[in-house]
């Protein structure tokens, strides 16, 4: 007689994976390469109960239904969380920021395809929408001459304009861990003194969560 498989192990394993992904705010976790395949196979096995047990009030029918619903919900949660993180990583790369190699290694093959497709689409979108903002060298100017001076005066920018790479700030209120524009994960507590990407700092200052130590930033 064949010993029945422990089908609850698949559900338990998937639940642990989803829980770990949820706890890893702002970063991908290393999930088993066959996690989706195993869950799909388990769902197919459970659905055979429907054809064998026609009475929906029987215990096996209800158990199979509950397990299928649980598996499908966990799969939806896992795909949603991981796809959101992958989209943020692709956006970060499209904006010229380095993507952690460990993050790339933790992507499944299908997720790598998603990452590259989103990145390529973002690159094409940026090329089409802001192409005119990038100089192609077709209209060179003399950096030390009158043409340069006239251009600076017309634009109303100082000659030594500098955009800060980071913003030094003091934290006023706690913040849940989040993925910064530089690809780093930040977890802020009151009275911390931190350096943040300007984009993140601007949002947090607007919400009175941080206070810039150098007001000119």
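The values are calculated or read from the model by the stated rules, or taken from the named source; none is laboratory data. No experiment lies behind these values; they were computed from the predicted model shown. Note that we place each Cβ from the backbone using ideal geometry, even for glycine, and neighbour counts take in every protein chain shown.
At-a-glance table
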item	result
Strands (runs of 3 or more DSSP E) lying entirely in region 173-217 (those with 1 or more residues that are touching a residue at least 40 places away in the same chain (Cβ under 8 Å) and under 21 Å from residue 102 (Cβ atoms))	175-179, 185-188
Selected residue (only one of 133, 122 is at pLDDT below 55 and under 23 Å from residue 90 (Cα atoms))	133
Of all residues in region 1-12 being surrounded by fewer than 16 Cβ atoms within 10 Å (Cβ to Cβ) and outside any loop (DSSP other than H, G, I, E, B), the one that is modelled with the highest pLDDT	12
Members of region 23-44 found to be within 25 Å of residue 65 (Cα to Cα) and either assigned to a helix (DSSP H, G or I) or not assigned by TED's automatic domain parsing to the domain that holds residue 109 (or both), listed by number	35, 36, 37, 38, 39, 40, 41, 42, 43, 44
Extreme residue, farthest from the chain's Cα centre (by Cα), among residues of region 73-103 that are without any contact (Cβ under 8 Å) to a residue 12 or more places away in the chain and assigned to a helix (DSSP H, G or I)	73
Residues within region 105-121 that are within 28 Å of residue 41 (Cα to Cα) and surrounded by 14 or more Cβ atoms within 10 Å (Cβ to Cβ), tallied	6
